[in-house]
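The values are calculated or read from the model by the stated rules, or taken from the named source; none is laboratory data. Bear in mind that the values here come from a model prediction, so they are computed numbers and not experimental data. Note that we place each Cβ from the backbone using ideal geometry, even for glycine, and neighbour counts take in every protein chain shown. To get the accessible areas, we keep the full protein, side chains included, count just its heavy atoms, and leave off ligands, DNA and RNA. Shrake-Rupley method; radii C 1.70, N 1.55, O 1.52, S 1.80 Å.
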Amino acid sequence: MPISLYNSRTRRTETFAPVDPARVTMYLCGPTVYNYVHIGNARGPVVFDVLARLLRRHYPNVVYARNITDVDDKINAAALEQGVEIGTITGKFTQAYREDMAGLGIAPPDLEPHATAHIGQIIAMIENLMAGGHAYAAEGHVLFDVGSFPEYGALSGRDTEELIAGARVEVAPYKKHPADFVLWKPSTPELPGWNSPWGIGRPGWHIECSAMSAAHLGETIDIHAGGVDLLFPHHENEVAQSTCAHGGKLFARWWMHNGMLTFDGRKMSKSLGNVLLVHELLRLHPPEALRLLLLRGHYRQPLDWSEGAIAQATSTLDGWYRVLRDLAAIELAAGELPVPARVEAALCDDLNTPQALAELAVLADAARQTGTAEAKAALLGGGALLGLLQQDAEAWFQRGGEQPVDAARIEALLEERRGARAARDFKRADAIRDELAAMSIVIEDGAQGTRWSVLKN
């Protein structure tokens, strides 16, 4: 079935058709690695992980790049404050980011280009822009001349003056126009710097993505993705410099933007004190429930985080895993799991994850009612495309919080309880149940024996 995706560039939903079906290219703006990322930063990687899974079902070769920005003024400030090289900061937080993304069930990208490994390509692109009359040097800086690109502002659909009025634009006396943006900036001795035709300096933020994308994916790519907060100025600037550097070629055929995550209806921000860090949330909540929550809303719409929402996501997964635990004895044929058509159809409709999750709920009900291998396989296959239901059902219910669960101790108590009940020593059996309850362990007696799970707050 065809894949339809909303294109921010054309402002309409279009049937996806790559330049080369044998090599589909997708680029996602990655993190600036100066600190741990918050849960809002994870929405895009989760959403576009699902898109990558979907594309891989339809095309033989998908090349997915997600960059690492490892030179930036925020990184420089952190390094100076701590008295270390920038690599100490970026190395630590790059690894933390990878671990956080893996915890959310996000597959690693095919490519993870680092800005500092592409200084040569960045300088070459800037030289190309200057040669074409699209950039100029001024007081040690090199700036892109927005006046040289009449289409500037087309991606966000507003004129340049309106964009400037609504955004933070650096004012500098050496700019020809207030919207002109930095491609290269000078570095003082305490800052990282590289030799260039304009002196020792470092790249501006926007040029990094254009250079890395061109180096690995080509001058025209199929999909460029990122948060809606990057639409202006970052993505607008990428379009301008890439188009001009490549002789007017279209930079990205599809632009996809995910909506922002809010906290109880308010924007997440450090100034408001409501930023929730992924590495902390992964210790407090089941990682799969975090992923489910990030997929519950349509990716283009804002999504609200609340304790009630994460509790609901956890409860939903409890129900689905309970079905799989009941069907644990049913063995499935070896090979790739089937993906139910209705789940795939929902995702082919502009990544309609809410509808896909609704279809998954229907599949869980069908598996509960029929108890067949076919129904179990359909539930698991639909979940896999969304990156859900990826763990053993018993492991889901026996998970602990920050304190590890002593499974051997629990099993020993259950065995003692079975012996006490067989001996009709119900007082001891009840005492063992109470002891388990004090350990936050809930037990269920059923036809399949006694099963246990960790009580969740």
Q: Classify the stretch 88-242 as rounded, prolate or oblate from the Cα gyration tensor: take a ≥ b ≥ c as the square roots of its eigenvalues, call it rounded if a/c is under 1.5, otherwise prolate when a/b beats b/c and oblate if not.
A: oblate
Q. What fraction of the DSSP beta bridges in the stretch 1-93 is antiparallel, stated in percent and rounded to the nearest 5?
A. 40
Q.
Given the DSSP H assignment, sum -39500 (n - 2.57) over each helix run of at least 4 residues in the chain and divide by its residue total; what's the result at 222 nm in deg cm²/dmol, nearest 500?
A. -13500 deg cm²/dmol
Q | Around Met101: net Lys/Arg minus Asp/Glu count, Cβ-Cβ under 10 Å | A | -1
Q. So how many Å³ per residue does the convex hull of the Cα atoms of the stretch 196-325 work out to?
A. 180
Q | Cα-based shape type of the stretch 252-364, given that a ≥ b ≥ c are square roots of the gyration tensor eigenvalues and the cut on a/c is 1.5 | A | oblate
**Q.** Rounded to the nearest 20 debye, dipole of the stretch 266-397 from Cβ charges on Lys, Arg, Asp, Glu
**A.** 560
Q.
If each residue of separation counts as 0.36 nm, what is the full-extension length gain between Ala154 and Val362 once their alpha-carbon separation is subtracted?
A. 70.7 nm
Q. Under a 1.4 angstrom probe, counting protein chains only, how are Arg53, Arg158, Arg43 ranked by accessible area, largest first?
A. Arg158, Arg53, Arg43
Q: With a probe of 1.4 Å, find how much accessible area the chain has per residue, and write the answer as a whole number in Å².
A: 45
Q: Order Lys92, Lys376, Lys427, most accessible first, counting only protein heavy atoms with a 1.4 angstrom probe.
A: Lys427, Lys92, Lys376
Q: Give the calculated FRET efficiency between Glu411 and Ser315 to the nearest 0.05, with a Förster radius of 25 Å applied to their Cβ-Cβ distance.
A: 0.45
Q) Once the dipole of the chain is set up with Lys and Arg at +1 and Asp and Glu at -1 on Cβ about the Cα centre, which of Ala437, Phe144, Gln369 lies farthest towards its positive end? A) Gln369
Q | Calculated from backbone phi, Karplus (6.51, -1.76, 1.60) coupling profile of the stretch 364-374 in Hz, x at Gly/Pro | A | 5, 5, 5, 5, 5, 7, 8, x, 9, 5, 5
Q) Mind listing the phi-derived Karplus ³J(HN,Hα) values for the stretch 56-70, rounded to whole Hz, using 6.51, -1.76 and 1.60 with θ = phi - 60°, and x for any glycine or proline? A) 5, 6, 9, 10, x, 9, 10, 10, 10, 10, 9, 7, 10, 8, 10
Q. What number, in nm² with one decimal, is the all-direction average of the projected area of the convex hull of the alpha-carbon atoms of the stretch 197-254?
A. 4.5
Q) Taking 0.36 nm per residue of separation and subtracting the Cα-Cα distance, what length does fully extending Glu444 through Ala329 add? A) 39.6 nm
Q) With every protein chain kept in the model, how would you rank Thr116, Thr25 by accessible area, 1.4 Å probe, largest at the top? A) Thr116, Thr25
Q) Of the heavy-atom accessible surface of the chain (probe 1.4 angstrom), what whole percent is carbon and sulfur? A) 52
Q: Excluding Gly133 itself, calculate the net charge of residues whose Cβ lies under 15 Å from the Cβ of Gly133, where each Lys or Arg counts +1 and each Asp or Glu counts -1.
A: -2
(Q) Output needed: percent of Cα pairs per 10 Å distance bin for the chain, bins running from 0 to the one holding the longest distance. (A) 4, 18, 26, 23, 14, 9, 5, 2, 0, 0
Q: List the residues whose amide H sits under 5 Å from the amide H of Val33, counting only those 5 or more places along or on another chain, with H placed 1.01 Å from N in the peptide plane.
A: Thr69
Q | trypsin sites (Lys or Arg not before Pro) lying in DSSP loop within the stretch 189-283, provided at most 15 other Cβ fall within 10 Å | A | Lys249, Lys270
Q: Just name one of Val37, Val71, Asn7: the one whose Cα is farthest towards the positive end of the charge dipole of the stretch 1-109 (beta-carbon charges, Lys/Arg +1, Asp/Glu -1).
A: Asn7
**Q.** Calculated from backbone phi, Karplus (6.51, -1.76, 1.60) coupling profile of the stretch 227-236 in Hz, x at Gly/Pro
**A.** x, 4, 5, 8, 3, 9, x, 4, 6, 4
**Q.** the stretch 52-141: Rg to Rh, with Rh as the Kirkwood radius over Cα pairs
**A.** 1.09
Q. To the nearest 10 degrees, how steep is helix 205-217 against the longest Cα principal axis of the chain, on a 0 to 90 scale?
A. 70
Q: Treat every Asp and Glu Cβ in the chain as -1 and every Lys and Arg Cβ as +1, leave all other atoms uncharged, and give the resulting dipole magnitude about the Cα centre to the nearest 20 debye.
A: 680
Q) How large is Rg over Rh for the stretch 1-46, taking Rg from the Cα atoms and Rh as the Kirkwood inverse mean of 1/r across Cα pairs? A) 1.09
Q: Provide the FRET efficiency to the nearest 0.05 for the Arg57-Arg300 pair, computing r from the beta carbons and using R0 = 22 Å.
A: 0.50
